[in-house]
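Just below is one structure, and these are the notes that go with it.
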Amino acid sequence: MGGIARYITQRLLLTIPMLLILLTLVFLILRVMPGDPVSAMLGGRNVSQELMDEYRHKMGVDRPIPVQYAEYLGGIIRGDFGKSFRTNKPVITEIFSRFPATLELAFFGLIFAVIFGFGSGLIAAIRADRPIDHVVRVFHIGSFAMPLFWLGLMLQVIFAVKLGWLPVASRLGGRIAFTFQSITGFYLLDAILGGDKAVIIDVAKHLVLPSITLGFAQAGLLGRMTRASMLEVLDQDYVTTARAKGLQERVVILYHALRNALIPIVTVFGLQFAILMGGAVLTETVFSWPGIASFLVRSIDARDWFAIQGSVVFIAIFISIINLIVDITYSFIDPRVRY
Amino acid sequence: MTRTLVKGLDWIVRKFSHGRHALRKQTILKVGLVTVFLFLLVTALAQYSWFTPYDPIYYRDAPRLEGPSAQHLMGTDQLHRDVFSRVIAGGKASLLVAFGAVALSMSIGSVLGWVSGFTGGFFDRFLSLTMDAIYSFPSMILAMTLVAMFGAGIGPMIWAVGVVYIPTYFRVTRAEVLQVRQTTYVEAVRAVGAGNVRIILRHVAPNTVNAIMAVSSFNLADAILTVAALSFLGFGLPPPAPDWGFDIQNGQKFLQSGSWWLITFPGLMIIALSLGFGLVGEGISDLVNPKRKRKRI
């Protein structure tokens, strides 16, 4: 166990320079970028240069870049990410109020991806070179070429506009949105805790299309890897041995093959989460989902420096943590890996 | 003189026939190449108004928001324009940005990878860490931030999307260099007195070409999607230029009223082109790694 503790400490220490580099990059990009929060806020309106300069001075964006940088870093160490220029609230508050929405979406997107991707890959591998295998492979390759925002819109057209089975966008239906009280920020959890059946169904219905949209590309990638990995493992001598012993095919696949096939798949899981966050930008935009990704898009539009920096750092920290968890899980799945 | 000419011709013929031989059973690669070539051809031709059935920007005589018909194969939009004409002309930005960005990231990323892997030390460690930081961050979000910084338009988009892919090439080439650096033949060349630049250019770089080729085709497929997404979010070409991503964003407004054709057709084009590049990538991977094909991964 001492090995794992040391490994975690090492990894966390290594994360710090990485975050610092990323933060510095974003910080510099924003300072070099044409336009600042004041010109984005007041630009185009009939405002005198003096007033704009006064605002710049008040916000502290007219000071030398090194001074701003030092002050910002100092703030972060104290857990202060600055205030959003746009909403005038602390950035960290803004992030925490929106992050559960993104996390809920990502969670269900991932569940869809795992069930669909994993299942399809497994079926394709077991029935290799049969018709079902070809169908699945076409789906896998096609999923790479699918623009997420377009998939979301098509799902909206078919299931919301034409068929009317599911809501078009947002997290809650009209009347429920007024009465709904959120405690955790995870609406489905809140709804289940609240116990009102109509609310639970409404929340769940709003989750279906965005989750499928977000999870689709992941499903393809996961399915492809599962298939490849399973085929590789099914070729191994120990699988032949297991079959020769007279074990049932189900046992061979589930206990002898699948466990070993999982190893390379878990590795990419951390990376998948980064892609998932990227996909969240589009999914949240298409479905008017009030998450951190759509917050970031609007902050970029408004040149809201602290909000952009804060969101980027927060997303990066989150992805690092996920990666760390994945790497630790790895040692449990593969006993050969020791830290 | 004649001798050189004959030698040269012989070289070309051998190269060509070798290439053809290699392509013989590569259906995937061929389908991909044909798709990409068709897209290039149609998009290039569609920039001239005699090629498209109606003018994609200025034609305003069609009925408003009408579904597909014999006159307007893919329907018309809210500004009385022909969707089909816009769709076949709308790939310009995607193709230019995709090729430009991949060329940019390939050259910067590979050179950094070669040098970094070859020199090692603090420089290598710092660069690797920077690249890892960029790599682990969602590429879509990074591209968005960069486009906001560089401004809208094709040039800025090439830079924004290009920067995102640099770490991919850096990693691939660096890994390859680390392997090649330790081989006996590099040691031998060094013993003969070759300098670092020569070793990198003549002995290390060629060894990374295969890996770079396959990666770049997959990057092109991904770049098409990224460009479309950026345009969809409003960071792309300014209107009224025809562009798939932007046209889909425009069509989104009329989705509730059931005008499905505005978004369906540009989307299908994006899929087809991205799929074409993806198939080329598959084909090249099979070509450089025959074992992979037999396993039919």
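The values are calculated or read from the model by the stated rules, or taken from the named source; none is laboratory data. Keep in mind the model is a prediction, meaning the values are calculated, not measured. Glycine gets a Cβ as well: all are built from the backbone with ideal geometry, and neighbour counts include every protein chain shown.
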Pairs, please: C-beta under 7 Å, at least 6 apart or cross-chain, first residue of a type in the set (Phe, Trp, Tyr) and in the range A:231-255, second at pLDDT below 85?
A:TYR238/A:HIS256
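Residue by residue, here is whether (1) in contact with a helix residue (DSSP H, G or I) (Cβ under 8 Å, 6 or more places away or on another chain); (2) part of a helix (DSSP H, G or I); (3) within 16 Å of A:ILE115 (Cα to Cα) holds:
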| position | (1), (2), (3) |
| --- | --- |
| A:GLY215 | yes, yes, yes |
| A:TYR238 | yes, yes, no |
| A:LEU247 | yes, no, no |
| A:ILE253 | yes, yes, no |
A careful count of residues in the range A:74-95 that are outside any loop (DSSP other than H, G, I, E, B) and in contact with a Ser or Thr (Cβ under 9 Å, 6 or more places away or on another chain) gives 5
Condition first: under 23 Å from the mean Cα position of the chain (by Cα), of a type outside the set (Asp, Glu) and buried (at least 16 other Cβ atoms within 10 Å of the Cβ). Can you find one or more residues in the range A:173-184 that meet it?
yes
Go through the range A:97-120 and count every residue that is crowded, with 23+ Cβ neighbours inside 10 Å, within 17 Å of A:ILE292 (Cα to Cα) and either more than 10 Å from the chain's Cα centre (by Cα) or not aliphatic (A, V, I, L, M) (or both).
4
Index of the failed condition, B:SER216 passing every other in (1) farther than 30 Å from A:ALA302 by Cβ; (2) of a type outside the set (A, V, I, L, M); (3) within 11 Å of chain A (Cβ to nearest Cβ):
(3)
Taking only the range B:152-195 into account, find how many residues are closer than 22 Å to A:PHE149 by Cβ, more than 15 Å from the chain's Cα centre (by Cα) and either outside any helix (DSSP H, G or I) or among the aliphatic types (A, V, I, L, M) (or both).
2
Filter the range A:114-135 for residues that are within 12 Å of chain B (Cβ to nearest Cβ) and touching a helix residue (DSSP H, G or I) at 6+ places or on another chain (Cβ under 9 Å) and give the result.
A:GLY121, A:ALA124, A:ALA125, A:ALA128, A:ASP133, A:HIS134
Between B:GLY234, B:GLY195, B:GLY153, which is of a type outside the set (Lys, Arg) and more than 14 Å from chain A (Cβ to nearest Cβ)?
B:GLY195
Tell me which residues, restricted to the range A:272-286, are touching a residue at least 40 places away in the same chain (Cβ under 8 Å) and under 15 Å from the mean Cα position of the chain (by Cα).
A:GLN272, A:PHE273, A:ALA274, A:ILE275, A:LEU276, A:MET277, A:GLY279, A:ALA280, A:LEU282, A:THR283, A:GLU284, A:THR285
Please go through the range A:287-302 and give me each residue that is within 8 Å of chain B (Cβ to nearest Cβ) and over 13 Å from A:LEU103 (Cα atoms), ordered by number.
A:LEU296, A:VAL297, A:ILE300, A:ASP301
Can we say A:MET154 is free of Cβ contacts under 8 Å to residues at least 40 places away in the same chain and among the hydrophobic types (A, V, I, L, M, F, W, C)?
yes
Residue satisfying all of: in the range A:136-167; touching a helix residue (DSSP H, G or I) at 6+ places or on another chain (Cβ under 9 Å) and part of a loop (DSSP other than H, G, I, E, B); surrounded by the fewest Cβ atoms within 10 Å (Cβ to Cβ) among these:
A:TRP165
